[in-house]
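The values are calculated or read from the model by the stated rules, or taken from the named source; none is laboratory data. Worth saying up front: this structure is predicted, and the values here are computed from it rather than measured. So basically every Cβ, Gly included, is an ideal-geometry build from the backbone, and we count neighbours across all protein chains shown.
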Amino acid sequence: MKRTVLAISAAMLAACTTAPVSEAQPAFSANGKTLRQIYEYLHKNPELSFQEKNTSAILSAEMKRLGFTVTTGLGDQWVKARAMKEYGKVQDGVGGYGFVAVLQNGPGPTLMIRTDMDALPLVEKTGLAYASTFRDTAWSGEESGVMHACGHDIHMTSWIGTARELVARKSEWKGTLVMIAQPAEEIGLGSMSMLEDGLYTRFPKPDRVIALHDNAALPAGHIGLGSGYVMANVDSVDITVKGVGGHGAYPQDTKDPIVVAARIVTTLQTLVARETDPQDSAVVTVGAINGGFKHNIIPDEVKLQLTVRSFADTTRDKLLKGIERIAKYEALAAGLEGDKAPTISTKDDYTPSLYNDPKLVERASALLTKQFGSEKIAIASPTMGGEDFSRFGRTPDRIPVMLMWLGAVSQAKFDASLLPGGAPLPSLHSSGFAPDAEPTLAVGVKAMTSLAIDLFK
């Protein structure tokens, strides 16, 4: 019986990190190590976005050992240019640590398999014997723990295991295998850095690109497959509502931006409730309101921070234009125009929606159902989280891509969570998220290897 995968959040964190970890990373080689040993090391020694120096070195060394031609430093100049543009400096330890590993095995299709490498700014609270204790500092100056709370350690280890299997089974496939390790997925910029540094022009262009992502709401041993849109466009919008401040006792002498901001927040809800087709998914969330600093003072401005989610690009465009319209005219209704009109800014580097190629999903579903049984293959519901893997299928080439979900929860914990009063499962990006490593890795490697061999036919 097929189950519907619970929606999970893969929200992008907006922090970009710079400083090297406070402790030196211990030397490690994957050569001769089991997948479990590799996984535990990667989990214990996480690195933040664009700081994956040690992680990249371990993975690239393993690819070289397996016989791949490896090109490191992909996106490095892009990252440094971006740092200079946004922050006016480049910190030590920050760069493009993405790399490409190519293995030629005769004539045939070109298949690209991607993993991501970065961790999150969280203090780990799993209680695992191999829990991370590292701390690091964000570009914002905030210090935090560092943790693989989104399962990129699972992704990397499965990726290594898949590469090992495909090398060992070279007689079963022909073509070009391109294995890529991507930095900075958590801030939505890593795939862009690699693509803009020539991923599809300097290296064999793939016929298909595949990846996996662990799932915090699906039991280990299960696989989730979704066709079409599976993850959302993710936009960040900032609105500055201007006004005329003054004494709270004399509101008639002011134009209160707090009231205008409240009206904007309320009216924004109509974008989804009344302007979007109920069958077309969309989210407009005001995540922060900042304005004022004392009981009896009406401020000069209020700042709003929004996350906007959609699947279709037409819906995205409609939502963004609607936000601008509502902010402008709510302010105008309060007599705020000209230099008192609100300012609206949308980040250019949004995360585009992920569209799983239906034919690729159909092929994977048939293969994996035969291999694991229909009871292990779930129909994955679309989620409003984002994943910058989407960009690999968003170039003018429109290369077919597919990301599949990999169940990561122990069956016992999953079953217990369904009982009355059962403990809820920790989500991705939670300080308590801890995959059931052994069965998760086993299925991840087996599924990706089988799918890769099939796609070379």
Checklist outcome for this item: Residues of region 309-336 being among the basic types (Lys, Arg) and surrounded by 13 or more Cβ atoms within 10 Å (Cβ to Cβ), in sequence order, are Arg309, Arg316, Lys318, Arg325, Lys328
Checklist entry - Quick check: is even one residue across region 150-169 at pLDDT 95 or above and farther than 24 Å from Ser60 by Cβ? => result no
Item to check | Any hit, region 53-61, residues being assigned by TED's automatic domain parsing to the domain that holds Asn105, of a type in the set (A, V, I, L, M, F, W, C) and modelled with pLDDT under 95 | outcome: no
Checklist entry - In region 336-356, which residue that is assigned to a loop (DSSP other than H, G, I, E, B) and free of Cβ contacts under 8 Å to residues at least 60 places away in the same chain is nearest to Ser193 (Cα to Cα)? => result Asp348
Next on the checklist: Kindly evaluate Gly421 against the criterion of being assigned to a loop (DSSP other than H, G, I, E, B), farther than 26 Å from Ala273 by Cβ and not assigned by TED's automatic domain parsing to the domain that holds His155.
Outcome noted: no
Item to check | Any chance Arg398 is more than 18 Å from Asp214 (Cα to Cα), in the same structural domain as Phe203 (by TED's automatic domain parsing), modelled with pLDDT of 95 or more and assigned to a loop (DSSP other than H, G, I, E, B) | outcome: yes
Checklist entry - Taking strands (runs of 3 or more DSSP E) that do not extend beyond region 88-196, which have at least 3 residues that are surrounded by 19 or more Cβ atoms within 10 Å (Cβ to Cβ) and assigned by TED's automatic domain parsing to the domain that holds Leu48? => result 98-105, 110-116, 175-182
Checklist outcome for this item: Among (1) out of contact with any strand residue (DSSP E or B) (no Cβ under 6 Å at 6 or more places or on another chain); (2) of a type in the set (D, E, K, R); (3) surrounded by 18 or more Cβ atoms within 10 Å (Cβ to Cβ), Asp339 falls short only on (3)
Item to check | Count of region 98-125 residues which are under 15 Å from the mean Cα position of the chain (by Cα) and of a type in the set (A, V, I, L, M) | outcome: 3
Checklist entry - Is it true that Pro426 is out of contact with any Asp or Glu (no Cβ under 7 Å at 6 or more places or on another chain), assigned to a loop (DSSP other than H, G, I, E, B) and more than 21 Å from Lys44 (Cα to Cα)? => result no
Checklist entry - Can you tell which of Val308, Val302, Val265 is in contact (Cβ under 8 Å) with a residue 24 or more places away in the chain and part of a helix (DSSP H, G or I)? => result Val265
Checklist entry - Taking the condition among the aliphatic types (A, V, I, L, M) and within 28 Å of Glu86 (Cα to Cα), does Val272 pass? => result no
Checklist entry - Listed residues Thr449, Thr383; which is in a loop (DSSP other than H, G, I, E, B), assigned by TED's automatic domain parsing to the domain that holds Ser171 and surrounded by 15 or more Cβ atoms within 10 Å (Cβ to Cβ)? => result Thr383
Checklist entry - Taking region 197-208 as the search range and keeping residues that are part of a loop (DSSP other than H, G, I, E, B) and charged (D, E, K, R), which one is farthest from the chain's Cα centre (by Cα)? => result Arg202
Item to check | Verdict on Arg363 being farther than 22 Å from Ile258 by Cα, at pLDDT 95 or above, outside any strand (DSSP E or B) and in the same structural domain as Gly248 (by TED's automatic domain parsing) | outcome: no
Checklist entry - Among Val443, Val401, which is the only one that is over 16 Å from the mean Cα position of the chain (by Cα) and surrounded by 17 or more Cβ atoms within 10 Å (Cβ to Cβ)? => result Val443
Checklist entry - What are the residues in region 61-110 that are of a type in the set (Lys, Arg) and closer than 24 Å to Lys174 by Cβ, if any? => result Lys64, Arg65
Checklist entry - Would you say Arg65 is in contact (Cβ under 8 Å) with a residue 12 or more places away in the chain, surrounded by fewer than 17 Cβ atoms within 10 Å (Cβ to Cβ) and of a type outside the set (A, V, I, L, M, F, W, C)? => result yes
